[in-house]
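Data first, discussion second: the structure below is written as structure tokens.
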Amino acid sequence: MSSHTLNRFTLSSILLLMNLWAVQSPARATMMPPLHSDHSLQPSLLIAQPTQPAARGQCRSLRKAAFIYRGRSFESGTLMRLDPDQVVTLAENTPVNGFIAIDNPEVGYIQAANLKPCNSTTPGNGSGVGLCRKIAAKEGLEIWMQPNSKDFLARLPYKSLVYLTEPPVVRQDTGDRIWVKLASPVPGWAIGSMKGITVLTPCT
């Protein structure tokens, strides 16, 4: 075999090998595993998020004086004015548009940013938190300035929550009525029981 023929054979072999490599390379490239999986890029998705405790039915007190509104806006109109440290009961778990629903001392909405957790260990001073009681009388509860006085303050509806002062202050009159001093939502005095009928029961 001449050198010229050998050179042509060698060149043809090289070209054939190059063509085979070019054809096989894309297939090999697609068979390579990815460097990172989707799970390694987002490990936080694999961690269970903690559930938030339900707030509905819980007690909150006011940081400063505020109003209870008819709806979730200032334009909806006011229902009642509350003083600092007065207590409300939440009627839903989370606020919407900055307002949260309450059902005590009045059904309505209040600014969530103006609420703070109740501190049941704080001694009552007529302005804030105390022992929780629920109104058991279907006709509601009347609150007065003093026992047996003519200075009427407010009437709260059936099943509303009130808070006694701590320690509780109790008086009994000649009519076998037991008066208790309230710290919130309206500071004053109310009949806790009379003639064996319980008007206020412990909150559950």
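Only the coordinates and a few stated rules stand behind these numbers; no lab work does. It should be emphasised that the depicted structure is a prediction, and the values quoted were computed from it without experimental measurement. Cβ atoms come from the backbone with ideal geometry, glycine included; neighbour counts cover every protein chain shown.
Order of THR174, THR89 from fewest to most other C-beta atoms within 10 Å?
Least to most surrounded, the residues fall as THR174, THR89.
Describe numerically, in nm with one decimal, the distance between label points set 7 Å from Cα along Cα→Cβ at THR94 and at ALA113.
So the two model labels end up 1.9 nm from each other.
Listing CYS118, CYS203 from the residue with the fewest other Cβ atoms within 10 Å to the one with the most, what is the order?
Least crowded to most crowded, the residues run CYS203, CYS118.
So if we plug the beta-carbon distance of ALA54 and LEU79 into 1/(1 + (r/R0)^6) with R0 = 25 Å, what FRET efficiency do we get, rounded to 0.05?
That gives a FRET efficiency of 0.50.
Looking at this model, which pairs from LYS134/LYS181; LYS159/LYS181; LYS64/LYS159; LYS64/LYS138; LYS64/LYS181; LYS138/LYS195 are more than 21 angstrom apart at the alpha-carbon?
Flagged as over cut-off: LYS64/LYS159; LYS64/LYS138; LYS64/LYS181.
Run the numbers for MET145 and GLN172: contour at 0.36 nm per residue of separation, minus the present Cα-Cα distance, in nm.
Roughly 8.2 nm would be gained on extension.
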